[in-house]
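Enquirer: The structure under discussion is supplied below as structure tokens; questions concerning it will follow.
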Amino acid sequence: MDILSQDIMYLTGVGPNRKKLLSSELEIETFGDLLEYYPYKYVDRSKIYKVSELTGEMPFVQVVGHILSFETFDMGPRKERVVGHFSDGTGIMDLVWFNGGRYAKEHYRIGQDYLVFGRPSVFNNRIQVQHPEIEEKSEMINDKYDNLQAPESNHISNLSSVISHLTMRPYYNTTEKMKKYSLTSRGVEKLVRNLLEKLKEPLPETIPDFITSRLHLMNRDKALRTIHYPQDAKELERARVRLKFEELFYVQLNILRYASDQRRKYRGFVFNRIGEVFNTFYYDHLPFNLTGAQKRVMHEIRRDMASGRQMNRLLQGDVGSGKTLVALMAMLIAIDNGFQACMMAPTEILAEQHLATIAELLQGMDVRVELLTGMVKGKKRQEILDGLLDGNVQILVGTHAIIEDTVQFRQLGMVVIDEQHRFGVAQRAKLWGKSFTPPSLPHVLVMTATPIPRTLAMTLYGDLDVSVIDELPPGRKPIQTTHVFESRMASLYDGIRRQINQGRQVYIVYPLIEESEKMDLKNLEQGFEMLRQVFPEFHLSKVHGRMKPKDKEEEMQRFVRGETQILVATTVIEVGVNVPNASVMVIIDAQRFGLSQLHQLRGRVGRGADQSFCILVTNYKLSEVTRKRIDIMCETNDGFRIAEADLKLRGPGDLEGTQQSGMAFDLKIADIARDCQLVQMARDEAQRIVDEDPTCTSQKYEILWSRLKQLHKTNINWSAIS
């Protein structure tokens, strides 16, 4: 059996109890899991300080000396503080234990030389180190002081030769439960040391030589040993690059293999006809000229639909960029070729908004468009179902109600999915079964108004071709975004009043519905009552997620019709609300929202020709990260720049939708936000291989196929949407 597959219980220093702890707390089950449990930081251990040199502003330091005496101070019932007075001949410092003091007094001997490591501070005008790391000054440590160089080799079987010249100490994440059982970072390090000593033979390579040599990558054996015990920062960086590349490479290879397999397996309907319906709309009903970006995207979609393979395309575009218009034109191509089309949205509000937009654009044309949501019942619902079966309903707009078993099309050829991250994989896949003409499948266009950074798109939606609408329609003015502190609310209210008196409307968004004892935030209920007193001359609406759908819709429609001037809401208005007359978006407690959410909320205004404004209201207590978020929002309206910043600030795991993408992944060392160049490099190498051998099963790629099978046996879900 492969040594890395061995049960972690059989590693020296583990045993049954520690195995249970490592498994439950860190998901470490095998030798290989421990080897890939990487340090989260390193501390330079190359310099030995004198006590007389220490100050309270220093980071971690180490000194060599001996303990002069111990002193114990009573801290209350069953609590004590133990202080060890420590000297190296240049001065005296204190070693302090609030916990474990009894162990320290029994274990560390007065007069014995020790190496002490920790963060110095000052108490009562004296240097102290709380809960220090202590080890005996042995011959191994003496060797380290002599500045000897470790032997150079790709494979180091004698780990003590590394440790004897160690300048960077690894630190591992541990849990409170582990610390209770004396399994701290130092304890994990000892287990890693035992494992590396046990691995006498070089570890097998997992990337072909022609890739590692071309990219000048460190070999896998050396990288895995170096990542735990680097000799210097340069070697550490080379090891990191190698291990990050490997993770990203196999993610991309799996995605591209899947996409290639899908395209070979499934045909798409051939829509090579541009007919009367499309031309009538384009030449007689199009309200304005398409932007250059819209024309480019339409060419890409048109090419896909005529290719004979199923289109799977992700359409990205900022709020108001005209994605719905492009999607409608794609659906009209399907109709011209004798097929039906549908558009699925995550909420009833958004579905109704799409219906209203499409109906307005197609006004006067002989195209039957219907809406199907959970609210459509009885006779009307049956009429729609009958119309789908006989082909009279050509475009169906709806929510997840579309994927119910009772909904069947005569010939579905085009599927548009809006804000796809809000649908699960199985939900989206059910749409494929709505066509009665297998093995060909409907073309799929996925739309999102949440700009996705390129590196994230390559990983989350790597099986989709990507189109981007990066222009706004002419005449749209950039939204002016301003940061206001709570103390300036009076002047903000004056500005709101001026806008309403000019005939405009205003959104005011709160993060909570009701008062929270845990969070000092304004809540919608209190805010609504306060705003009614501030603006007695205006009409207000209130919308939040706990309202009955009928009541919520009525309040929304009052605002849409202009009967109310101020809409007080929670984030339910993040998508699916289109009121061109609304020119002001006020976001209360903006520090509580993520960048992506702030950008989506801002997108509710700026939909008309008038200048629009977004006001971010916060208190004065802002963290550094929050200030960066607010500054970025005020600096730019570019959704892609905001998405890149959001990815760097929050990481991919926190971005909305990553868990529902169908391509969940667990990167142990790579970071797609910060390793953009490696993502692209991995993508290029994977694409080169798939172009030559789509299955990766030829003898040339035996290493790759073996590693892919091994990865599929782990608890990481490397599979793409299926």
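The values are calculated or read from the model by the stated rules, or taken from the named source; none is laboratory data. Owing to the predicted nature of the structure, the values given are computational and were not obtained by experimental measurement. With ideal geometry, Cβ positions are generated from the backbone for all residues, glycine too; neighbour counts draw on all protein chains shown. Remember, those area values only see protein heavy atoms, side chains included, never the ligands or the DNA or RNA. Shrake-Rupley method; radii C 1.70, N 1.55, O 1.52, S 1.80 Å.
Enquirer: Kindly indicate which of 319, 297 is in a loop (DSSP other than H, G, I, E, B) and either touching a Gly at 6+ places or on another chain (Cβ under 9 Å) or closer than 30 Å to residue 696 by Cα (or both).
Expert: Residue meeting the stated conditions: 319.
Enquirer: Still on this structure, I have one more. Which pairs have Cβ atoms under 9 Å, sit 6 or more apart or on different chains, and link a residue in the stretch 464-477 that is open to solvent by 70 Å² or more (accessible area, probe 1.4 Å) to one that is assigned to a strand (DSSP E or B) and at pLDDT 85 or above?
Expert: 470/316
Enquirer: Which condition from (1) part of a loop (DSSP other than H, G, I, E, B); (2) surrounded by 19 or more Cβ atoms within 10 Å (Cβ to Cβ); (3) free of Cβ contacts under 8 Å to residues at least 40 places away in the same chain is the one that residue 207 breaks?
Expert: All conditions are met except number (3).
Enquirer: Shifting gears a bit: State whether one or more residues within the stretch 323-333 are farther than 22 Å from residue 393 by Cα and either crowded, with 17+ Cβ neighbours inside 10 Å or touching a Leu at 6+ places or on another chain (Cβ under 9 Å) (or both).
Expert: So far as the stretch 323-333 goes, yes, one or more of its residues are farther than 22 Å from residue 393 by Cα and either crowded, with 17+ Cβ neighbours inside 10 Å or touching a Leu at 6+ places or on another chain (Cβ under 9 Å) (or both).
Enquirer: Listed residues 325, 286, 236, 248; which is closer than 29 Å to residue 705 by Cβ and of a type outside the set (Phe, Trp, Tyr)?
Expert: Within the list 325, 286, 236, 248, the selection yields 248.
Enquirer: Name the residue that is farthest from the chain's Cα centre (by Cα), counting only residues in the stretch 601-614 that are of a type outside the set (Gly, Ala, Ser) and surrounded by fewer than 22 Cβ atoms within 10 Å (Cβ to Cβ).
Expert: That would be 610.
Enquirer: Looking at (1) out of contact with any strand residue (DSSP E or B) (no Cβ under 6 Å at 6 or more places or on another chain); (2) in a helix (DSSP H, G or I); (3) touching a residue at least 24 places away in the same chain (Cβ under 8 Å), which one does residue 105 not meet, given that it meets all the others?
Expert: It fails just one condition, (1).
Enquirer: Could you tell me which of the residues 96, 43 is open to solvent by less than 10 Å² (accessible area, probe 1.4 Å) and either in a strand (DSSP E or B) or touching a His at 6+ places or on another chain (Cβ under 7 Å) (or both)?
Expert: Residue meeting the stated conditions: 96.
Enquirer: When the stretch 608-638 is examined, which residues are found to be basic (Lys, Arg) and outside any helix (DSSP H, G or I)?
Expert: Passing the criteria: only 621.
Enquirer: Inside the stretch 375-393, can you point out the residues that are under 16 Å from residue 549 (Cβ atoms) and in contact with a strand residue (DSSP E or B) (Cβ under 9 Å, 6 or more places away or on another chain)?
Expert: Correct list: 376 only.
Enquirer: Out of the residues in the stretch 331-386 that are in a loop (DSSP other than H, G, I, E, B) and β-branched (Val, Ile, Thr), which is modelled with the highest pLDDT?
Expert: Among those residues, the one meeting the criterion is 367.
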